[in-house]
Amino acid sequence: MAYEIVIGLEIHVELNTRSKMFCGCPVTFGEVPNTAVCPVCLGHPGVLPVVNAQAVEAAALIGLSLNCAIAPNNEFARKNYFYPDMPKDYQISQFDLPIAIGGYLDVGDRGQTRRIGITRVHMEEDTGKLIHKGATGRIHGADRSVVDFNRAGVPLMEIVSEPDMRTATEARAFLVKLRSILLALGVSNCNMEEGSLRCDANVSLREFGDTELGVKTEVKNMNSFKALQRALEYEVERQTSLLTHGERVIQETRHWDDAGGATTSMRSKEEAHDYRYFPDPDLVAIVMDPAEVERLRAGLPELPDARAERLGREFGLSDDDAKILALNKPLGDFLEETVAGGAAAGKAANWLLHELAAELNRTDTEIEDAAFTPRHLIDLLQLIDAGTISGKMAKEIFKTSFATGRLPAAIVKETGNVQITDTDALGKIVDEVLAANPQAIEDLKNGQERAIGFLVGQIMRLTQGKASPDAVNKLIRAKLR
Amino acid sequence: MTVISKKDVEHVALLARLALTDEEKETFTGQLAQILEHAGKIQALDTTAVPPTSHVASLTNVLRPDEIRPCLTSEEALSNAPKQEDGGFAVPKIV
Ligand SMILES: [Zn+2]
C-alpha cells in the first residue's frame with residue numbers, strides 16, 4: 001500500500017550578530033573554551049539579560065522574507081529543563097507570542113511550485129557545547145562531560161514549517177531555498193557543518209485522503225542537505241515497512257547516523273517534554289512599531305526568486321541556470337561581478353556553472369575562498385575573445401589559474417602557450433598535412449564534409465592543439481578552392 | 001475538590017529533580033493545594049476585558065545595541081566550578 005508522506009521541518013539558525021542575544025559577549029566559533037562568556041550567559045545569580053536590538057531586526061527580516069505577519073507584541077518565555085548545556089536550567093525562548101507567524105515559502109520549479117506554510121519564527125538563545133569524555137567520546141559510555149559556554153546565548157532563530165512537504169526531495173528543496181534567503185538577508189553564515197544552520201524533521205505517513213496526521217517521529221542530526229534527504233528517505237521507508245506489516249509507528253525522537261545510513265531511537269524515557277513555559281520576568285515585551293516593520297520590509301534585499309527572474313531577463317540565461325545562480329548567492333555575486341567587469345553574461349555563466357563549479361567541487365573549496373576571482377574569469381574570457389587562446393587551451397589555463405591564483409594572461413605570457421592564428425606559420429603546416437593526405441582531399445572534394453574534421457585534427461595534433469581551429473578551417477578551404 | 005494530587009507532586013518533583021520523602025510529598029500536596037486554591041479565587045473574577053499581564057512593569061522594548069562588551073577570562077569563568085577539565089566545566093555523566 002502506498003502512503004502519503006507528511007514532512008514538516010524545524011530549522012534553527014544562529015545569527016551572525018557581533019554580540020550574543022542577551023549580553024555583550026562576542027559571537028565566535030572555534031575559540032578557546034569559555035573565553036566568550038560573562039555572568040549573564042553563565043547564568044550567575046542576580047544578572048539581567050538585555051535583548052540585542054540587531055537580533056530583533058534580523059528576526060523580523062527573516063519573518064518578512066518568509067511572508068509572515070510580524071506580531072505587534074512579542075514576548076520571551078522560559079523553557080525549563082535540566083541539562084548541563086544551559087547554565088540557567090532554562091533557555092530563554094518565545095512561546096505563545098513569537099515575533100512572526102503565518103508565512104509561506106514557494107518551493108519547486110516554475111510552473112509547478114508548491115507553497116509550504118511557515119508556522120512561526122521565534123527568537124531564542126543557543127546552548128553551550130558538551131564534550132563527552134570517556135572511552136567512546138559519545139554520550140553513551142561517557143563517564144563525564146565538559147561544557148564550553150562560548151555558544152550559550154548566541155542569538156538563535158527557530159523557523160517552523162507546516163507539515164506541508166510530501167517528499168524528501170521537496171524537504172531538501174525547502175531547506176536549500178530557505179538557506180539561500182537567509183544568506184541573501186546576510187543574517188547568518190548558515191554553515192550546516194559548523195552547526196549555524198540545523199534542521200530537524202517531523203515525519204509521518206497516512207493513507208491518501210486522510211485529513212488526520214499519522215503518528216510522527218522527529219528526526220535529528222542531519223548535518224547537510226544530502227543527509228536530510230537520505231535520513232528522510234530512510235525514515236519514510238522504515239515507517240512504510242512498519243505500517244505495511246501491520247505494526248505501529250511509535251512517537252519518538254530518532255537520531256540520524258550518517259555513516260551507518262539509518263535512524264535509531266533516542267532514549268524515550270525522558271521524552272515526555274514538560275517545559276513549563278512561563279513569561280520571563282526579566283524581559284519585557286517587544287512592541288514592533290508598524291512604521292518600523294514597513295521600513296524593514298522596504299529595505300529587504302533582492303531575494304532568490306526575484307534574482308532568478310532578473311538574471312534570466314537581464315543576462316538571457318535559461319531558467320535552470322538563473323535559478324542555480326540565484327539559489328547560490330556567492331555564485332550569483334561572482335557572475336554579476338564578472339559581467340560588471342565587461343564579460344559576456346552567457347559565456348561567464350557557462351564557465352561558472354561548469355568549469356568553475358567542477359573545480360570547486362573537486363577541490364572541496366568554497367567560491368569565496370577560491371584564488372580564482374571574477375577578475376581571473378574576465379581575463380580568461382578576454383583571451384578567448386581575442387583569439388589568443390582556444391577554448392580548449394582556456395580549460396588548461398583555467399586549471400592552472402584556479403590552482404595558483406595567477407591571472408590567465410600572466411600564465412599565457414610565461415608559457416608562451418598561445419593559439420597560432422598567424423596564417424603564414426599555419427600555412428606551412430596545412431600544406432604539409434594536405435600533401436600527406438591526398439585521400440582526404442579527394443573525399444572532401446566529393447562532398448564528404450567529415451574529411452575536413454580529420455584534416456583539422458591532424459593539424460591540431462602537429463601544433464599540440466595551439467592552432468586556431470577557425471583559422472585552420474578557413475586555410476584548408478582557401479587552399480583547396 | 002482536590003486541586004492537586006500526590007501524583008502531581010511527584011511529577012513536579014521529578015521535573016525539578018527533587019527527591020522527596022513520602023512525608024514531604026504529603027506535606028507539599030497539602031500546601032500546594034492551598035496555594036492553588038488561593039490563586040483559584042482570582043479565576044472567579046471576570047477578566048474578559050483585562051489583557052493578559054506578563055509583567056507588572058509598564059516597560060517595553062528594553063534593547064541594547066549590538067556591541068561587544070568585555071568577557072570574563074576562562075580562569076574567572078571557571079573559578080567557581082566544582083570541577084574543571086580542559087578549560088571547561090566538568091559535569092557528571094549525563095545518561
Ligand atoms: Zn555573556
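The values are calculated or read from the model by the stated rules, or taken from the named source; none is laboratory data. Quantities reported herein were computed from a predicted structural model and do not represent experimental measurements. Here the Cβ is made from the backbone with ideal geometry for all residues, glycine too, and neighbour counts use every protein chain on show.
See the values below:
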quantity: Enumeration of residues in region A:297-323 that are surrounded by fewer than 18 Cβ atoms within 10 Å (Cβ to Cβ) and part of a helix (DSSP H, G or I); calculated: A:R297, A:A298, A:A306, A:E309, A:R310, A:R313, A:E314, A:D319, A:D320
quantity: Residue in region A:153-168 that is modelled with pLDDT of 95 or more and at positive phi present; calculated: yes
quantity: Selection from region A:39-83 of residues that are away from chain B (no Cβ under 12 Å) and among the basic types (K, R); calculated: A:K79
quantity: Flag for A:T136 being within 16 Å of the ligand (Cβ to nearest atom), in a loop (DSSP other than H, G, I, E, B) and of a type in the set (V, I, T); calculated: no
quantity: Residue ID - farthest from A:C23 (Cα to Cα), chosen from residues in region B:40-58 that are surrounded by fewer than 10 Cβ atoms within 10 Å (Cβ to Cβ) and within 14 Å of chain A (Cβ to nearest Cβ); calculated: B:P51
quantity: Near pairs, Cβ below 6 angstrom, 6+ apart or cross-chain, from region A:282-301 (within 29 Å of A:Y90 (Cα to Cα)) to any residue that is modelled with pLDDT of 95 or more and among the charged types (D, E, K, R); calculated: A:A285/A:E75
quantity: Set A:I367, A:I389, A:I384: member being aliphatic (A, V, I, L, M), in contact with a helix residue (DSSP H, G or I) (Cβ under 6 Å, 6 or more places away or on another chain) and within 26 Å of A:A58 (Cβ to Cβ); calculated: A:I367
quantity: Odd one out for A:G447 among (1) part of a helix (DSSP H, G or I); (2) more than 51 Å from the chain's Cα centre (by Cα); calculated: (1)
quantity: Looking only at region A:324-347, and only at residues there that are closer than 23 Å to A:E359 by Cα and assigned to a loop (DSSP other than H, G, I, E, B), the one that is modelled with the lowest pLDDT; calculated: A:N328
quantity: Residue in region A:153-175 that is closer than 26 Å to B:I94 by Cα and either away from the ligand (no atom under 16 Å from the Cβ) or of a type in the set (F, W, Y) (or both) present; calculated: yes
quantity: Selected residue [within 14 Å of chain B (Cβ to nearest Cβ) and either in contact with a Phe, Trp or Tyr (Cβ under 6 Å, 6 or more places away or on another chain) or surrounded by 23 or more Cβ atoms within 10 Å (Cβ to Cβ) (or both)] from A:A171, A:A142, A:A152; calculated: A:A152
quantity: Selection within region B:74-94 - at the interface with chain A (Cβ under 7 Å from one of its Cβ atoms) and surrounded by fewer than 13 Cβ atoms within 10 Å (Cβ to Cβ); calculated: B:D86, B:P92
quantity: Pairs where the first residue, in region A:441-463, is in contact (Cβ under 8 Å) with a residue 40 or more places away in the chain and the second is surrounded by 12 or more Cβ atoms within 10 Å (Cβ to Cβ) and not hydroxyl-bearing (S, T, Y), C-beta under 7 Å, 6+ apart; calculated: A:T463/A:I420; A:T463/A:I429
quantity: Subset tally (residues that are in a helix (DSSP H, G or I) and either charged (D, E, K, R) or exposed (fewer than 15 other Cβ atoms within 10 Å of the Cβ) (or both)) for region A:374-388; calculated: 3
quantity: Flag if A:L197 is modelled with pLDDT under 95 and of a type in the set (A, V, I, L, M, F, W, C); calculated: no
quantity: Test for A:A371: is it farther than 13 Å from A:D321 by Cβ, in contact (Cβ under 8 Å) with a residue 24 or more places away in the chain, touching a Gly at 6+ places or on another chain (Cβ under 8 Å) and not in a helix (DSSP H, G or I); calculated: yes
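For (1) under 30 Å from B:F89 (Cβ atoms); (2) modelled with pLDDT under 95; (3) over 21 Å from the mean Cα position of the chain (by Cα), each residue gets a yes or a no:
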position: A:F76; (1), (2), (3): yes, no, yes
position: A:D85; (1), (2), (3): yes, yes, yes
position: A:D89; (1), (2), (3): yes, yes, yes
position: A:I99; (1), (2), (3): no, no, yes
position: A:G103; (1), (2), (3): no, no, yes
position: A:R110; (1), (2), (3): no, yes, no
position: A:R115; (1), (2), (3): no, no, no
position: A:T119; (1), (2), (3): no, no, yes
